[in-house]
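Take a look at the structure below.
The values are calculated or read from the model by the stated rules, or taken from the named source; none is laboratory data. From a predicted model like this one, the values you see are computed outputs, not experimental measurements. Every residue, glycine among them, receives a Cβ derived from its backbone with ideal geometry; neighbour counts consider all protein chains shown.
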Amino acid sequence: MIDLYFWPTPNGYKASIMLEETGFAYQVKPINITAGDQFAREFLAISPNNKVPAIVDHDGPGGKPVSVFESGAILLYLAEKAGRLISTDVRSRIETMEWLMFQMGGFGPMLGQTHHFRVYAPEKIDYAVKRYTDEATRLYNVLEKRLDGRDYLAGDYSIADIATFTWVRPRKMQGQNLADYPNIQRWYNTIKVRPAVQAGLSVMADSKRWEAKPDTEAWTSMFSNAPPSSQTEG
Ligand SMILES: N[C@@H](CCC(=O)N[C@@H](CS)C(=O)NCC(=O)O)C(=O)O
């Protein structure tokens with residue numbers, strides 16, 4: 001059994017989709033990042049950067065429990081455990097790693113900042129909105145070019161596609177429209193209808209918060225690097 005420490009966000013969905021794709025038994029442990037759960041001592045012992053997702057695999061290496069934080073590390077761990085969604089051929093594997101790292105180091109973090117300055121920032125800073133919207137457009141163009149004449153980012157459907165797909169979903173928050181990117185649109189529509197993707201996206205669907213304007217407590221919890229006062233009082 002795998003415990004999935006989760007909240008329904010783009011990074012969280014990478015892990016839920018991957019667990020559905022691989023078919024490992026898992027149970028969801030909600031970490032409400034809008035209420036400060038990510039700062040709880042027990043969660044920090046598993047995820048020291050106070051972020052979801054994280055997993056605990058009770059049947060880890062040697063049959064002993066192991067915890068994994070960082071969505072890219074979780075994808076790699078589960079792909080290796082399952083022997084699926086990453087190639088064993090060295091050259092194909094390098095390509096999967098390249099596009100996974102592109103997502104982890106650029107596509108995700110930059111788009112996260114785009115969300116922040118376009119949607120969540122308490123004041124509108126035109127420079128930041130333009131800077132990050134332009135960067136989002138640049139990254140989408142990199143993706144569009146890569147998908148020209150290719151079904152997936154690196155050979156067959158892989159963890160690189162899962163990681164990137166979940167960040168294309170909130171594209172409206174990034175000022176992006178798939179009509180401008182025909183290759184991304186084709187790729188996105190193919191992945192979207194996979195039963196495991198649909199199942200992964202339905203985990204905690206009722207608690208979806210990332211497209212809404214957070215209230216003051218949620219904003220404090222997510223963006224001030226400290227739990228909201230309701231978690232610290234008493
Ligand atoms: N690099 C990390 C980023 C994870 C991340 O940013 N998680 C967000 C939700 S998408 C979070 O937990 N935020 C809570 C916080 O920063 O306090 C990963 O890919 O796992």
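The set of residues in the stretch 50-71 that are more than 15 Å from the ligand (Cβ to nearest atom) and surrounded by 20 or more Cβ atoms within 10 Å (Cβ to Cβ) contains only Asp57.
Exactly one residue out of Ile86, Ile94 is more than 12 Å from the ligand (Cβ to nearest atom) and buried (at least 20 other Cβ atoms within 10 Å of the Cβ): that is Ile86. Scanning the stretch 1-22 for residues that are part of a loop (DSSP other than H, G, I, E, B) and touching a helix residue (DSSP H, G or I) at 6+ places or on another chain (Cβ under 8 Å), we see that the one that is surrounded by the fewest Cβ atoms within 10 Å (Cβ to Cβ) is Pro8. The residue pairs whose first member lies in the stretch 109-138 and is outside the structural domain of Thr9 (by TED's automatic domain parsing) and assigned to a loop (DSSP other than H, G, I, E, B), whose second member is surrounded by 15 or more Cβ atoms within 10 Å (Cβ to Cβ) and aliphatic (A, V, I, L, M), and whose beta carbons are closer than 8 Å, counting only pairs six or more residues apart or on different chains, are Ala121/Ala128.
I'm trying to understand the selection: among the residues of the stretch 139-161, which are aromatic (Phe, Trp, Tyr) and either assigned to a loop (DSSP other than H, G, I, E, B) or not assigned by TED's automatic domain parsing to the domain that holds Arg171 (or both)? Show your work before the answer.
First, pick out the residues of the stretch 139-161 that are aromatic (Phe, Trp, Tyr): 140, 152, 157.
Across the stretch 139-161, the qualifying residues are Tyr152, Tyr157.
Of all residues in the stretch 24-49, those that are in a strand (DSSP E or B) and surrounded by 19 or more Cβ atoms within 10 Å (Cβ to Cβ) total 1.
Those helices (runs of 4 or more DSSP H) of the stretch 165-225 in which at least 1 residues are among the hydroxyl-bearing types (Ser, Thr, Tyr) and under 29 Å from Tyr26 (Cβ atoms), considering only elements entirely within it, cover 182-192, 216-223. Looking at the stretch 38-83, which of the residues that are within 17 Å of the chain's Cα centre (by Cα) and β-branched (Val, Ile, Thr) is farthest from Met101 (Cα to Cα)? So the residue we want is Ile55.
Which residues, taken from the stretch 108-121, are touching a Leu at 6+ places or on another chain (Cβ under 8 Å) and either over 23 Å from Pro214 (Cα atoms) or more than 11 Å from the ligand (Cβ to nearest atom) (or both)? Break it down stepwise before answering.
Within the stretch 108-121, the subset touching a Leu at 6+ places or on another chain (Cβ under 8 Å) is 110-111.
Selection gives Met110 alone.
Applying the selection to the stretch 52-64, what residues are within 30 Å of Thr220 (Cα to Cα) and either in contact with an Asp or Glu (Cβ under 8 Å, 6 or more places away or on another chain) or part of a strand (DSSP E or B) (or both)? Passing the criteria: Ala54, Ile55, Val56. Among the residues of the stretch 96-117, at least one is hydrophobic (A, V, I, L, M, F, W, C) and in contact with an Asp or Glu (Cβ under 6 Å, 6 or more places away or on another chain).
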